[in-house]
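Here's the structure we're looking at; comments come further down.
Every number in this text was worked out from the coordinates using simple rules, so none of it is lab data. It should be emphasised that the depicted structure is a prediction, and the values quoted were computed from it without experimental measurement. Every residue, glycine as well, gets a Cβ built from its backbone with ideal geometry; the counts of neighbours run over all protein chains shown.
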Amino acid sequence: MFVKVLYFGRLKEIAGSAEESVEVRDGERIEELFARCSSSRPELRKFRSSLVAARNREFAAWDTALSGGDEVGFLPPVSGG
Amino acid sequence: MTASHSQDRIELTREIIPNAAIACEVRADEDGAVATFDGCVRNHSHGRSTLYLEYEAYESMALAKMREIAEHVHRSLAINRVAIIHRLGRLEIGETSVFIAVSAAHRAAAFDACRYAIDALKKTVPIWKKEFFADGAVWADGEVPPSPAAAETPAAKPASN
């Protein structure tokens, strides 16, 4: 199954794209998805501790299990206002 | 809770925010106060001269979070209407990046709601600011939104407390 992954802010620059479709196994957790996405981009891993995850436009715990078609955002610290 | 929710104005925009018009728009005959917050682009940051800013957002989630903020102040304070408008894209020095207006029968609720809305926006709305200086650009240090506890309770758990 596939999920849509979104990158924002400095993460987008490091990832080199704003959005990608990633194949995951059934029940894969967000933490594992991040490891998968950062395996080819070690720079991303350095930011893991400052990130929060979102699943389908809601903040989500890193151990949240994914379903096909989910939209997952990796969000750096926010700085609106 | 009341019809007032439908009169709220929650937006992301790439145009100049019409502050004065929005402040007028939230006011109705039953209101005795309008409190506004005008967040604008400062010409310096950490001792460096800022040239301009660029804002980007996770737009669908940002709008959802801004609506949650409006709903929260409707539930917790005796207010009438709420407007929360955030600008995206390139902003010049002195321009408004975020404008919040709250109307209420009495001033205390309007002030409190306005203060809550900007504080919550800065903590929970997925918007990011890049600061451009003469010698380079940096993503602003931001706030880490409160993370849900490790658990799988999709709907019941609020994002913040």
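Couple of notes before you dig in:
- Candidate set from the stretch B:130-150 (those that are crowded, with 18+ Cβ neighbours inside 10 Å and not in a loop (DSSP other than H, G, I, E, B)); member that is farthest from the other protein chains (Cβ to nearest Cβ): B:131
- Scoring residue A:14 on the criteria (1) touching a strand residue (DSSP E or B) at 6+ places or on another chain (Cβ under 6 Å); (2) touching a residue at least 24 places away in the same chain (Cβ under 8 Å); (3) surrounded by fewer than 20 Cβ atoms within 10 Å (Cβ to Cβ); (4) among the hydrophobic types (A, V, I, L, M, F, W, C) leaves a single failure, condition (1).
- When the residues of the stretch B:90-100 are filtered to those that are surrounded by 14 or more Cβ atoms within 10 Å (Cβ to Cβ) and out of contact with any Phe, Trp or Tyr (no Cβ under 8 Å at 6 or more places or on another chain), the one that is farthest from residue B:19 (Cα to Cα) is B:95.
- Residue within the stretch A:18-34 that is of a type in the set (A, V, I, L, M), under 24 Å from residue B:138 (Cβ atoms) and surrounded by fewer than 17 Cβ atoms within 10 Å (Cβ to Cβ) present: yes
Okay, residues lined up against (1) surrounded by fewer than 17 Cβ atoms within 10 Å (Cβ to Cβ); (2) within 15 Å of residue B:10 (Cβ to Cβ); (3) aliphatic (A, V, I, L, M):
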position: B:25; (1), (2), (3): yes, yes, no
position: B:33; (1), (2), (3): no, no, yes
position: B:56; (1), (2), (3): no, no, no
position: B:59; (1), (2), (3): yes, yes, no
position: B:66; (1), (2), (3): no, yes, yes
position: B:76; (1), (2), (3): yes, no, no
position: B:79; (1), (2), (3): no, yes, yes
position: B:87; (1), (2), (3): no, yes, no
position: B:105; (1), (2), (3): yes, no, yes
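- With respect to the stated conditions, residue B:48 is in contact (Cβ under 8 Å) with a residue 12 or more places away in the chain, of a type in the set (Lys, Arg) and over 13 Å from residue B:121 (Cβ atoms).
- Counted as qualifying within chain A are the strands (runs of 3 or more DSSP E) with 1 or more residues that are in contact with a Cys (Cβ under 9 Å, 6 or more places away or on another chain) and either more than 14 Å from chain B (Cβ to nearest Cβ) or of a type outside the set (Ser, Thr, Tyr) (or both), namely A:2-7, A:19-23, A:71-75.
- Restricting the first member to the stretch B:113-129 and to residues that are more than 7 Å from every other protein chain (Cβ to nearest Cβ) and surrounded by fewer than 22 Cβ atoms within 10 Å (Cβ to Cβ), and the second to residues that are among the β-branched types (Val, Ile, Thr) and part of a helix (DSSP H, G or I), the beta-carbon pairs closer than 6 Å and six or more apart or on different chains are B:116/B:73; B:120/B:69.
- Of all residues in the stretch B:55-102 being assigned to a loop (DSSP other than H, G, I, E, B) and within 14 Å of chain A (Cβ to nearest Cβ), the one that is nearest to residue A:12 (Cα to Cα): B:58
- Annotation note: Cβ proximity below 6 Å between a residue of the stretch B:6-35 that is in a strand (DSSP E or B) and a residue that is surrounded by 17 or more Cβ atoms within 10 Å (Cβ to Cβ) and hydroxyl-bearing (Ser, Thr, Tyr) (sequence gap 6+ or interchain) occurs for B:34/B:103.
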